[in-house]
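Heads up, the thing below is written out as structure tokens.
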Amino acid sequence: MVLIPLVRDYIDRMLHDVSGMKVLILDPQTVEMVSVVYSQSDLLRKEVFLVETVDDASSSRASMAHLKAVFFFRPSSDNIQKLRRILAAPRFAECHLFFSNILKIPQIQVLADSDEQEVVQQVQEFYADFCAIDPFHFTLNIRNNHIYMLPTVVDPPGMQSFCDRSVDGIASLFLALKRRPVIRYQRTSDVAKRIAQETARLMYEQESGLFDFRRTENSSLLLVIDRRDDPVTPLLNQWTYQAMVHELIGIDNNKVDLTEFATVPKDQQEVVLSAVQDNFFRANMFENFGDLGMNVKRMVDDFQHLSKSSQNFQSIGDMAKFVTNYPEYRKTHGNVTKHVALVSEMSRMVEERKLMQVSQTEQELACTSGQAAAFEAVTSLLNNQSVSDIDRLRLVMLYALRYEKESPVQLMQLFNKLASRSAKYKSGLVQFLLKQAGVDKRTGDLYGNRDLLNIARNMARGLKGVENVYTQHQPLLFQTMEGIVKGRLRDADYPLVGNHFQQGRPQDVVIFIVGGTTYEEARSVALYNAANPGVRFFLGGSSVLNSKRFLEDLGEAQKISKSSTLV
């Protein structure tokens, strides 16, 4: 639990520093940062009796002189202006200001000038400018995530703020880890290069004193890569619990919205999936769907046994024991209902959309060669009335990424069939994907057919067969991690920024994916860390993708490119 305790510790410290009854005031970004690691009951235990957003706090005139205010904001110019208004007419007895990243000197001067009534008791920087959704996985939740697909040379609107937010999040993480890394980036990505260079400038020039930590024996590494180097992973259906929930339903900062599903009880229409708060989820988040079903059944059986025993009162002592344990009983009941609801809905969707059939073809497109058989399988599924429009689109995209050079005639046939079968299909979207992430644009060995070692490994896997045809795909990220650990990451493909060189194997590695991560990749990182205790990998990105979000970003970038001369 590495990243989550880091952020929890910061929040513990800011709330512990301020004794007595208090209100916690957050901005929209810090609401997300706090909510993924801290529950409502945790806040109550710290005597936080009210949580307000900065907009409510800056517009309200209601006096709360009996409360102390703890502010936790990103140090943005917009937040500083809102703080000025709050301090000009303070509503609270005391104001304690905490910022999630580096505060600039002029910003401190503005706050000092605004605090005429001297209610500000302290100003501190607590470096938690990211959402720690899992122990080794973080996100920045950048809304205009499609920006990275537009060329940086013409500097499209929004590109600078996208890069600034990425640099801020990365810098904050390394300040929290107390590391200054060697920095590398993917050579074929302009936006990855720009973020890497701006991060290096911040760490080694502008704020070099702040990042001057005691040298460790093995240096840390930051690798900035581009989502378009592996467009396959976000397009695949998923069959492990956490990844599958995000793909089929959606996870937003560890919360799952089930309001669309009629069979779900009203008290379970928004549920939390957190490895910190939910022991069953922590034990099963990386399990495949078949094993998960068995484990849910076992949990239901255990709960039924508990329910029967709790109803069998033999004495006053038994009743007293039940009343004492009732909160835990209610919590267990809620947990069982939650996981049964999720697994039931996903089972229904798998059957309704024929996802086992679709996914088998997807995995074959991603993991095995055989163009003729692949074309036949994709054509058959395009003709199947039960297959949804989004599944048809993903199948054609996966085929195009694999065989764009080998079968242009068949590819055109699939484009035409897709257009005739899917009313919602945006013309040219598959071609736009190839322009963005085709073989000529990629650095990594996505299909394991460039490197002799990868070819041999794929042949061996083909001879032995696979344990589970639905989870045989391995993200390109796994090869990248192996390359880092074994010193095989080529300088020509992943250049270093500045005159800083890697000395031996790095101990802490942060891989930041411009364009977003996936839960399949987060699983790969967690399992790799568990199997290789000498190195810690952290995975972060501008957002957390499922196929729907990836296709939305692609469509938005295509729309902008059509309406301008950018692309």
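Between Ser161 and Ser77, the distance separating the two model label sites (each 7 Å from Cα on the Cα→Cβ line) works out to 1.1 nm.
Restricting to the chain, compute how many DSSP beta bridges are antiparallel as a %, nearest 5.
On the way: 9 of 51 bridges.
Counting DSSP beta bridges with both partners in the chain, the antiparallel share is about 20 percent.
A full extension of the chain between Val469 and Glu260 corresponds to an added length of 72.2 nm, given 0.36 nm per residue minus the alpha carbon distance.
Rounded to the nearest 0.05, what FRET efficiency do Asp9 and Gln431 give with R0 = 51 Å and r taken as the Cβ-Cβ distance? Could you check?
On the way: r = 49 Å, r/R0 = 0.95.
According to the calculation, E is roughly 0.55.
At 222 nm, what value in deg cm²/dmol follows for the chain if DSSP H runs of at least 4 each add -39500 (n - 2.57) and the sum is divided by all its residues, to the nearest 500? All intermediate terms of the calculation are to be shown ahead of the outcome.
Details: 21 runs with 277 residues, N = 567.
Calculated mean residue ellipticity at 222 nm is -15500 deg cm²/dmol.
Loop-located trypsin sites (Lys or Arg not before Pro) in the stretch 68-106 (DSSP state other than H, G, I, E, B) with a sparse environment of at most 12 neighbouring Cβ atoms within 10 Å: Lys104. Other residues within the sphere of radius under 11 Å centred on the Cβ of Ser172, judged by their own Cβ, net out at -1 (K and R +1, D and E -1).
Using the 1.4 Å probe convention, the accessible area of the chain works out to 46 Å² per residue with neighbouring protein chains retained. A straight chain from Glu118 to Asp17 at 0.36 nm per residue would run longer than the Cα-Cα distance by 34.5 nm. Listed by chain and number, the lysines whose C-alpha is less than 18 Å from the C-alpha of Lys435, apart from same-chain residues fewer than 8 away, are Lys405, Lys426, Lys559, Lys562.
Would you mind counting up the charge near Arg187? Only other residues with Cβ under 12 Å from its Cβ, with Lys and Arg at +1 and Asp and Glu at -1. With Lys, Arg at +1 and Asp, Glu at -1, the net is 0.
Placing Leu496, Leu3 in order of accessible area, with the largest value first and a 1.4 Å probe, yields Leu496, Leu3. Ligands, DNA and RNA excluded, the heavy atoms of Ser63 present near 90 Å² of accessible surface to a 1.4 Å solvent probe. The order of Thr518, Thr188, Thr259 by accessible area, most exposed first and with a 1.4 Å probe, is Thr259, Thr188, Thr518. In this structure, the pairs whose alpha-carbon distance is over 29 Å, taken from Lys255/Lys486; Lys331/Lys548; Lys266/Lys297, are Lys255/Lys486; Lys331/Lys548.
Keeping the other protein chains in place, figure out the carbon and sulfur percent of the accessible area of the chain, with a 1.4 Å probe. Don't skip to the answer; put the middle values down first.
Working: 13070 of 25860 Å².
Its accessible area is 51 percent carbon and sulfur atoms.
Annotation note: trypsin sites (Lys or Arg not before Pro) in the stretch 414-448 located in DSSP loop regions with a Cβ neighbour count of at most 14 within 10 Å are Lys424. Loop exposure criterion: GluC sites (Glu not before Pro), DSSP state outside H, G, I, E and B, at most 12 other Cβ atoms within 10 Å. Applied to the chain, the longest stretch between such sites is 261-405. For the stretch 261-275, the Karplus equation 6.51 cos²θ - 1.76 cosθ + 1.60, evaluated at θ = phi - 60°, returns couplings of 9, 5, 7, 7, x, 4, 6, 10, 7, 9, 10, 10, 10, 10, 5 Hz by residue, with Gly and Pro reported as x. Counting only residues at least eight positions apart within a chain, or on another chain, the lysines with an alpha carbon under 17 Å from that of Lys46 are Lys22, Lys68.
The values are calculated or read from the model by the stated rules, or taken from the named source; none is laboratory data. Bear in mind that the values here come from a model prediction, so they are computed numbers and not experimental data. Neighbour counts are summed over all protein chains in view; Cβ atoms, including those assigned to glycine, are modelled from backbone coordinates with ideal geometry. For the accessible areas, the whole protein counts, side chains as well, though only heavy atoms, and no ligand, DNA or RNA atoms are used. Shrake-Rupley method; radii C 1.70, N 1.55, O 1.52, S 1.80 Å.
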